[in-house]
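Notes follow the structure.
The values are calculated or read from the model by the stated rules, or taken from the named source; none is laboratory data. Note that this is a predicted model, so its numbers are computed, not measured. Cβ atoms come from the backbone with ideal geometry, glycine included; neighbour counts cover every protein chain shown. Note: areas computed on protein heavy atoms with side chains; ligands, DNA, RNA excluded. Shrake-Rupley method; radii C 1.70, N 1.55, O 1.52, S 1.80 Å.
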Amino acid sequence: MSYNNILVEEKKPIATVIINRPNKLNALNKETIQELHQAFSFLEKDKEVKVILLTGSGEKAFVAGADISEFANFSVEEGGKLAAEGQELLFNLIENLSKPVIAAVNGFALGGGLELAMACHFRVASHNARMGLPEVSLGVIPGYGGTQRLPQLIGKGRALELIMTAGMIDVERALDYGLINHVISQEELLPFCEKLADKISKNSSVAIGHAIKAVNAGFKHDSNGYAAEIEAFGACFGTADFKEGTNAFLEKRKADFPGE
Ligand code: COA
């Protein structure tokens, strides 16, 4: 199958999915999310594929977020739909996939990019990687599960600090926080992940599928934080702060938030 925005390379039993919009720092536009949905659905059915690696093309970015140019003029309804569809089509799909998905974070993983890495079963990063959820600097909140998965991975206080400051952390901090499992040089990142994948592929894929299900079940709560995130994300699209934040990014200037 051929795609416009991603590449899929197979060295069975390992498949590598590469997000391939390096000029836009691999930002996730609608078509990329749809293509990733197709690729992961297809790979899940392929019996010869045991482990999937996910990375970004180029040396600068894993994914620098959702494509801001695509949603800057969205209404509250369109904003909510963007988050709900994205969560269902891609982020929840990866998290609940029966096969291991490892994020090879080769550079910036910001906003939707960090959310994508967090939806994977675990993360390995290269030294140059930088991670953060900068959404509030745009007048919006994370909408692809970031408000839920970041506190699961690093704890509530650290997650709220990172979300509120819209800051970025380097790999030393990310390792210390448990957000990533290993730090590797950029050249060795994929070979290292392939070695890990190879080791995993020798184990029972049925048992691994059950282990993923069991671990995920422990994080499912009665009150649905993901639904709350979708509603709050949509509400941001009706604010003057959101208009200012996204316009400022696209006009390459600093935002001056009116606070409403
Ligand atoms: N959406 C759309 N386009 C994006 C993007 C995003 N999330 N992130 C980067 N790009 C585009 C830039 O607009 C630029 O396009 P252009 O060359 O056509 O102008 C290109 O990718 C390169 O990015 P640039 O900002 O010039 O690179 P940089 O090295 O100066 O800065 C970042 C790198 C990651 C710090 C900066 O791109 C950034 O802050 N991106 C947005 C991160 C973000 O807020 N993500 C959350 C979105 S909800």
Q. Does the range 79-153 classify as rounded, prolate or oblate by the C-alpha gyration tensor (a ≥ b ≥ c root eigenvalues; a/c under 1.5 gives rounded; else a/b over b/c gives prolate, otherwise oblate)?
A. oblate
Q) Ignoring ligands and nucleic acids, what accessible area does Y3 show with a 1.4 Å probe (Å², nearest 10)? A) 40
Q: Using the heavy atoms of the protein chains and a 1.4 angstrom probe, tell me the accessible area per residue for the range 108-226 in square angstrom.
A: 48
Q: Any chance you could give the angle, 0 to 90 degrees and rounded to 10, that helix 156-165 forms with the longest Cα principal axis of the chain?
A: 50
Q | Residues whose placed amide H lies under 5 Å from that of I6, excluding near-sequence neighbours | A | N20
Q. What's the carbon and sulfur percent of the chain's accessible surface, probe 1.4 angstrom, rounded to a whole number?
A. 54
Q. Given a cut-off of 16 Å, what percent of all Cα-Cα pairs of the range 169-260 lie beyond it?
A. 77
Q | Most mobile listed residue (H182, H37, H210) in the chain, GNM with C-alpha springs under 10 Å | A | H210
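Quick check on the chain: helices-only [θ] at 222 nm, where DSSP H runs of length 4 and up contribute -39,500 (n - 2.57) each and the sum goes over total residues. Nearest 500, please.
Estimated from H runs of four or more residues: -13500 deg cm²/dmol.
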Q: Count the lysine pairs in the range 1-146 whose Cα atoms sit under 25 Å apart, keeping only pairs 8 or more residues apart in sequence or on different chains.
A: 18
Q. Going by the alpha-carbon gyration tensor, a ≥ b ≥ c the square roots of its eigenvalues, is the range 1-149 rounded (a/c under 1.5) or, if a/c is not under 1.5, prolate (a/b greater than b/c) versus oblate?
A. prolate
Q: On the full set of protein chains, 1.4 Å probe, figure out the accessible area of T165 and give it in Å² to the nearest 10.
A: 90
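Using 0.36 nm per residue of separation minus the Cα-Cα distance, give me the extension gain between D176 and K11 in nm, one decimal. Write down the numbers at each step before the final one.
On the way: separation 165, 0.36 × 165 = 59.40 nm, distance 3.22 nm.
In short, 56.2 nm is gained.
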Q | Acute angle (nearest 10 degrees) that the helix 76-86 long axis makes with the longest principal axis of the chain, alpha-carbon atoms | A | 10
Q) What is the spin-label model distance, in nm, from M1 to A217 if the labels are put 7 Å beyond Cα along the C-beta direction? A) 2.9
Q. Mind checking the angle between helix 186-201 and the chain's longest principal axis? C-alpha axes, 0 to 90 degrees, to the nearest 10.
A. 60
(Q) Please report the spacing between the Cα centers of the range 77-144 and the range 1-68 in Å, no decimals. (A) 13
Q: Amide H neighbours of R130 under 5 Å, at least 5 residues apart or on other chains, H built in the peptide plane: list them.
A: G107, F108, A109
(Q) Tell me whether the chain comes out rounded, prolate or oblate; compute the Cα gyration tensor, take square roots of the eigenvalues as a ≥ b ≥ c, and use a/c under 1.5 as the rounded threshold. (A) prolate
